[in-house]
Amino acid sequence: MKYIITVFLVFMAGCSSVDKSVYLNPQMKNYNIKTVVVLPLENNNSERYKKYYPEAPDVVRDALESSLIKTGWQIIEREKISKILAELELQSSGLTLENGVKIGKMLNADVIVIGQVTSYVQGAVDDKSPTGELEHTTVGFNVRAVNIDSGVIMWKISVVDSDKNIFTYTNPVQGHAIKVADRAVDELVRSMGIK
């Protein structure tokens, strides 16, 4: 993929480790983004954890929306997206890119964000804690922004973050998801040169 610039960052700060990649399409010279639709995310968490964290896609989606709002972009309200999903008789899980673009056009958006949660866990390290107590959280997701008019991927974020300093959050894995989304979007904005 010679048309994609890759920025790999690995942070070891305190008790947290992050593997984050921000990919920008260098052919997109103008990131004229005003309105964004963040579509429901797929739950690609491991089967072992899906049943314990069915809320994972909604929590990560909410964290991404909050982080993206800080860029100044207008984020379309979920209720409007849900209404169109119902009208088109589509399920929120497993949305295709084609359907996502169609939804974006119906909502007069510039960009859709589509993707999946890849990891959303709070538990003992290696699930074999000698104390049996909660010892870490891990949050991961892959999302990409697609230009509504051209169908071209403008940017993509892949992140996995593990944090052992979980007692700084009221709800450890949810608080961690917010922190991860904020850091990923901050890196995206810096890479795009818009802030």
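Derivation of every value follows stated rules applied to the coordinates shown; laboratory data play no part. Worth saying up front: this structure is predicted, and the values here are computed from it rather than measured. Cβ: placed from backbone, ideal geometry, glycine included. Neighbour counts: every protein chain shown.
Is there a pair in K51/K156; K34/K70; K51/K164; K70/K179; K70/K156 whose C-alpha atoms are over 20 Å apart, and which pairs would that be?
K51/K156; K51/K164
Given the Cα-Cα distance of E89 and N32 and 0.36 nm per residue of separation, how much length would full extension add, in nm?
On the way: separation 57, 0.36 × 57 = 20.52 nm, distance 3.09 nm.
Working it through step by step, the gained length comes to 17.4 nm.
Taking the Cα centre of region 65-120 as origin, sum charge times position over the Cβ atoms of Lys and Arg (+1) and Asp and Glu (-1), and report the length of that vector in debye to the nearest 20.
Working: 6 positive and 7 negative charges, 20 e Å.
Here the size comes out at about 100 debye.
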